[in-house]
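The values are calculated or read from the model by the stated rules, or taken from the named source; none is laboratory data. Since the model is a prediction, treat every value here as computed from it, not as a measurement. Counting neighbours? That spans all protein chains shown, and the Cβs are built from the backbone with ideal geometry, glycine included. To get the accessible areas, we keep the full protein, side chains included, count just its heavy atoms, and leave off ligands, DNA and RNA. Shrake-Rupley method; radii C 1.70, N 1.55, O 1.52, S 1.80 Å.
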Amino acid sequence: MRRSGKRLALSQQRRRPKGLLYLNSGADRVLAIGPDGRVVRDTGPIKGLNPGGGNLDLDGRYHIGLRTARTIMAFPAGLDAAGELVVPAGVVPFPRGFAFGSDGRLFLASGVGPGGEGDDTVVVFAPGGSVLAARFVMDPGLSPLDLAIAPNENILVSSEQPFGAPDAVTTIREYDATDGHLIRVFSSNGLTEFHKPRGLRFGPNGLLYCVAQDEVVAFNFETGECLGAVVRMPRLNGQALEFFG
């Protein structure tokens with residue numbers, strides 16, 4: 001979780017170098033933090049990086065969304081070489097969360113930016129970076145923020161529709177990974193405020209967690225039931241969360 005300035009890596013916990021937690025810094029660099037909380041790896045400043053969310057692919061490379069370049073860049077796990085683009089620059093109007101399926105497909109949430117640009121869908125790429133589906137999800141209720149792959153391989157997306165509106169409808173939406181159709185919608189059902197839902201993560205206990213404004217909300221993924229806020233922290237501006245240990 002974060003208050004401001006840095007986004008935690010949303011890894012799928014696949015081949016992550018043991019004991020490292022990756023962070024995307026607002027200072028245009030990527031850091032790796034060791035178990036003692038110290039920075040052990042640092043890319044150094046990268047001009048124009050403007051990193052968004054992060055994730056690991058099946059081979060353990062660390063990927064970040066580039067908000068200005070509107071693409072995704074990959075770094076070796078050791079952060080010891082230059083990053084490379086894995087999809088073309090400008091591939092979506094505003095990249096949000098992304099994750100990798102077990103078959104290597106890359107699912108990228110194409111959301112709305114602060115200036116209102118965007119197209120509210122999910123784009124799917126083949127392992128080589130070619131586009132498989134430019135509008136994989138067609139859902140008028142979706143305004144995506146983060147994206148995760150569920151244990152059943154379906155796609156989960158946190159949504160705030162319309163983005164940035166005081167009365168936005170905030171949900172987590174589950175889509176079939178084969179054809180993109182909407183399966184079900186998770187909501188807080190009034191148990192929490194659930195404003196500005198962002199980062200998604202499954203915990204070791206199998207529950208689904210979503211970090212939001214002032215809180216972290218838990219869901220029973222099997223039943224879809226909201227379990228309420230498991231963390232309450234006034235002024236929390238959560239963008240991502242990770243279980244580390």
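Annotations
- Positions within the stretch 45-65 being among the aliphatic types (A, V, I, L, M) and open to solvent by 10 Å² or more (accessible area, probe 1.4 Å), in sequence order: Ile46, Leu58
- When Glu225 is tested against (1) open to solvent by 10 Å² or more (accessible area, probe 1.4 Å); (2) within 27 Å of Gly113 (Cβ to Cβ), exactly one condition is not met: (2).
- Count of the stretch 67-77 residues, restricted to those that are within 16 Å of Val92 (Cα to Cα) and either open to solvent by 10 Å² or more (accessible area, probe 1.4 Å) or out of contact with any strand residue (DSSP E or B) (no Cβ under 8 Å at 6 or more places or on another chain) (or both), is 5.
- Test: residue in the stretch 61-70 that is at pLDDT below 95, over 26 Å from Gly238 (Cα atoms) and either part of a loop (DSSP other than H, G, I, E, B) or among the aliphatic types (A, V, I, L, M) (or both): no
- Residue that is touching a residue at least 24 places away in the same chain (Cβ under 8 Å), out of contact with any strand residue (DSSP E or B) (no Cβ under 6 Å at 6 or more places or on another chain) and surrounded by 20 or more Cβ atoms within 10 Å (Cβ to Cβ), where the choices are Asp80, Asp120: Asp120
- Answer residue from the stretch 97-136, given it is of a type in the set (D, E, K, R) and assigned to a strand (DSSP E or B) and is farthest from the chain's Cα centre (by Cα) among those: Asp119
- Only one of Ile33, Ile64 that is out of contact with any helix residue (DSSP H, G or I) (no Cβ under 8 Å at 6 or more places or on another chain) and more than 25 Å from Gly101 (Cβ to Cβ): Ile33
- Among the residues of the stretch 143-185, those identified as buried (at least 22 other Cβ atoms within 10 Å of the Cβ), without any contact (Cβ under 8 Å) to a residue 60 or more places away in the chain and among the hydrophobic types (A, V, I, L, M, F, W, C) are Leu145, Leu147, Ile155, Leu156, Ile172.
- Flag if Val211 is buried (at least 21 other Cβ atoms within 10 Å of the Cβ), closer than 25 Å to Ile33 by Cβ, among the β-branched types (Val, Ile, Thr) and within 16 Å of the chain's Cα centre (by Cα): yes
- Answer from Phe163, Phe244, Phe202 - the residue that is touching a Leu at 6+ places or on another chain (Cβ under 7 Å) and more than 17 Å from Phe98 (Cα to Cα): Phe244
- Unique residue being assigned to a loop (DSSP other than H, G, I, E, B) and closer than 21 Å to Ala240 by Cβ when the list is Pro140, Pro88, Pro151: Pro151
- Residues within the stretch 18-42 that are surrounded by fewer than 21 Cβ atoms within 10 Å (Cβ to Cβ) and of a type in the set (S, T, N, Q), tallied: 1
- Residue check, Phe194 within 27 Å of Ser102 (Cα to Cα) and either out of contact with any His (no Cβ under 6 Å at 6 or more places or on another chain) or open to solvent by less than 10 Å² (accessible area, probe 1.4 Å) (or both): no
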